[in-house]
Amino acid sequence: MLSTAALNKPTFFLPPCQVRLQTQPKPQPGQPPLYSGTFDCFRKTLVGEGIRGLYRGMAAPIIGVTPMFAVCFFGFGLGKRLQQRKPDDVLTYPQLFAAGMLSGVFTTVIMAPGERIKCLLQIQAATGETKYTGSLDCAKQLYREAGIRGVYKGTVLTLMRDVPASGMYFMTYEWLKNILTPEGKSVSDLSAPRILFAGGLAGIFNWAVAIPPDVLKSRFQTAPPGKYPNGFRDVLRELIREEGVASLYKGFTAVMIRAFPANAACFLGFEVAMKFLNWIAPGL
């Protein structure tokens with residue numbers, strides 16, 4: 001039978017609002033912030049840039065989504081196999097968490113450059129500058145200016161976000177599937193509404209863990225060269241000093257609006273696909 005693994009976090013619906021809220025500068029005394037909240041950011045983006053503005057910088061993540069999912073499956077499957085003595089061994093929740101964490105390590109290789117390009121293009125659109133004409137041009141300029149390190153700037157923070165968040169994501173989904181399964185039935189028989197509920201909540205748990213490092217990552221990846229010589233520690237100190245601990249949860253509303261429906265749909269699609277593949281290739 002094909003193994004049951006979870007999908008990584010989808011990145012669509014309101015992505016510019018998340019990044020723009022996380023990276024907007026602290027307003028001057030007496031001045032209002034650029035965006036008062038998620039819906040204000042959504043409205044201003046839609047009015048100023050149209051529908052395309054809501055998906056600014058998404059070419060790089062979309063290009064990487066297929067290999068990222070493949071690597072995600074591989075990482076989670078490998079993490080489970082490394083902890084199993086026999087293929088049919090049932091893993092504990094901490095073991096599932098550990099397997100999910102390994103998945104986060106694997107996906108970072110693809111996620112980090114895509115996130116860097118996406119953030120730069122979204123910030124560029126918000127400021128009105130036109131340094132990059134698109135995702136490919138952005139990647140070329142980053143490589144020309146700083147080599148491969150410029151493209152992968154923020155990798156450590158991407159790891160800090162995706163490793164624990166992926167562990168929480170996988171573990172929560174498996175846990176919810178188990179508690180939602182009626183007594184005497186198999187998890188493979190779960191109804192579509194229960195899968196949607198489990199997937200949606202798994203996405204919320206994932207982002208509850210991921211938001212603080214995601215805020216630091218967005219700030220660091222869009223900062224001018226040399227602004228944070230000590231990396232994320234400088235970003236963290238600046239945010240706490242100037243805006244308080246609550247600033248680590250900037251963009252919370254935008255993330256949570258997306259998290260439940262996006263992950264619910266992803267998990268439902270995954271479970272349907274797994275049943276279809278198990279039907280056409282039961283011995284795989």
Kindly indicate whether L248 is modelled with pLDDT under 90 and surrounded by 15 or more Cβ atoms within 10 Å (Cβ to Cβ). no
Tell me, which helices (runs of 4 or more DSSP H) wholly within the stretch 141-256 include 2 or more residues that are closer than 24 Å to Y93 by Cα? 155-180, 192-222
Selected residue (criterion: most open to solvent (accessible area, probe 1.4 Å)) from residues of the stretch 127-138 that are under 20 Å from G226 (Cβ atoms) and part of a helix (DSSP H, G or I): T127
Within the stretch 252-267, residues open to solvent by less than 50 Å² (accessible area, probe 1.4 Å) and within 17 Å of F170 (Cα to Cα) come out as A259, A262, N263, A264, C266, F267
Out of A210, A223, I need the residue that is of a type in the set (A, V, I, L, M) and buried (at least 23 other Cβ atoms within 10 Å of the Cβ). Which one? A210
Please pick out the residue among Q141, Q124, Q95 that is in contact with a helix residue (DSSP H, G or I) (Cβ under 6 Å, 6 or more places away or on another chain) and surrounded by fewer than 19 Cβ atoms within 10 Å (Cβ to Cβ). Q95
Single unsatisfied condition, P282 versus (1) farther than 30 Å from C138 by Cα; (2) without any contact (Cβ under 8 Å) to a residue 24 or more places away in the chain: (2)
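The values are calculated or read from the model by the stated rules, or taken from the named source; none is laboratory data. The model shown is predicted, which means the values in this text are computed figures rather than measured ones. Virtual Cβ from ideal backbone geometry, glycine too; neighbours counted across all protein chains shown. Quick note on the areas: whole protein, heavy atoms, side chains included, nothing else; ligands and nucleic acids left out. Shrake-Rupley method; radii C 1.70, N 1.55, O 1.52, S 1.80 Å.
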